[in-house]
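The values are calculated or read from the model by the stated rules, or taken from the named source; none is laboratory data. These numbers were taken from a predicted model, which means no experiment stands behind them. When we count neighbours, we look across all protein chains shown, and the Cβ atoms used for this are built from the backbone with ideal geometry, even at glycine. For the accessible areas, the whole protein counts, side chains as well, though only heavy atoms, and no ligand, DNA or RNA atoms are used. Shrake-Rupley method; radii C 1.70, N 1.55, O 1.52, S 1.80 Å.
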Amino acid sequence: ASIENFVRTTDVFAFYGSPVLGKEKEARERLLKEAEIIRRYGFTETELERAKSDALSGIEKAYKERNQQKNGSLVAEYTRNFTSAEPCPGISWEYDMIKQMMPSINLQIVNQITQSYMTEKNFVYTISGPEKAGLIYPTNDELLQEIATAKAAKLDAFKDSVSNDPLIPILPKAG
């Protein structure tokens, strides 16, 4: 899940899935249920901490590899600056700013922002894929039914079960 620019004037809270061939309907239903759980209950503290850790890891990696950055990445950044007035202060500034700001991001803020995006008025459900023989896409009525089913489902809040146990409890002897 992420907040991203859908079109130049509109941001969206987006969910993506890449289903296994033949399991498209099950994947759509699961994705809609996950979105509904987030809409009803929000994210958990452990989900937020993992997301913050992942974001910090990603920006740190980009910072460390800044001298090996591909030209296409720079071109895309400058293009967004020109077409959307997106600032491009550079990876050093972004890395420092994210490290400074990340501790102030809390669960209440994240869930408030999430709720402001996940409303009945701005819900868009899109499906895309290849034109392939034997691949049948759902009708609008089927998609609307999937949405209604997810909204009516009895769903519990996500319960994160994080284990502090070692992955391998007893290490094998070397050799």
- request: Would you mind computing the Rg to Rh ratio of the range 1-74 from its alpha-carbon coordinates, Kirkwood style for Rh?
  value: 1.07
Under 17 Å from the Cα of residue 132 - aspartates and glutamates, other chains or at least 8 residues apart: 24
- line: Expressed in nanometres to one decimal, the distance between label points 7 Å along Cα→Cβ at residue 34 and residue 66 is 3.3 nm
task: List the lysines whose Cα lies under 16 Å from the Cα of residue 70, skipping any in the same chain that are fewer than 8 positions away.
output: 61
statement: Counting only residues 5 or more apart in sequence or on a different chain, those whose built amide H sits under 5 Å from that of residue 3 are 14
field: Lys, Arg +1 and Asp, Glu -1 on Cβ, resulting dipole of the range 1-133 about Cα centre, debye, nearest 20
entry: 200 debye
- request: With the convex hull built on the Cα atoms of the chain, state its orientation-averaged projected area in nm².
  value: 16.6 nm²
query: Could you sort 123, 15, 82 by accessible area so the largest value comes first, with the probe set to 1.4 Å?
result: 82, 123, 15
task: With only Lys, Arg, Asp and Glu charged, each at its Cβ (+1 for the first two, -1 for the last two), find how big the charge dipole of the range 102-167 is about the Cα centre; round to the nearest 20 debye.
output: 140 debye
field: Helix-only CD estimate at 222 nm, as mean residue ellipticity for the chain, using -39500 (n - 2.57) per DSSP H run (n ≥ 4)
entry: -16000 deg cm²/dmol
task: Give the residue from 21, 138, 83 lying farthest towards the positive end of the charge dipole for the chain; charges sit on Cβ (+1 for Lys and Arg, -1 for Asp and Glu) and the dipole is referred to the Cα centre.
output: 21
query: Assigning unit charges at the beta carbon (Lys, Arg +1; Asp, Glu -1) and nothing else, what dipole magnitude in debye, to the nearest 20, does the range 1-79 show about its Cα centre?
result: 160 debye
Amide proton proximity set for residue 11, modelled H, under 5 Å, gap of 5+: 6
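Once you've got the Cα coordinates, tell me which of 33/99; 52/154; 23/52; 52/159 are over 22 Å apart.
Details: 33/99 33 Å; 52/154 30 Å; 23/52 31 Å; 52/159 19 Å.
Flagged as over cut-off: 33/99; 52/154; 23/52.
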- line: accessible surface per residue for the range 1-135, probe 1.4 Å, DNA/RNA/ligands not counted, whole Å² -> 74 Å²
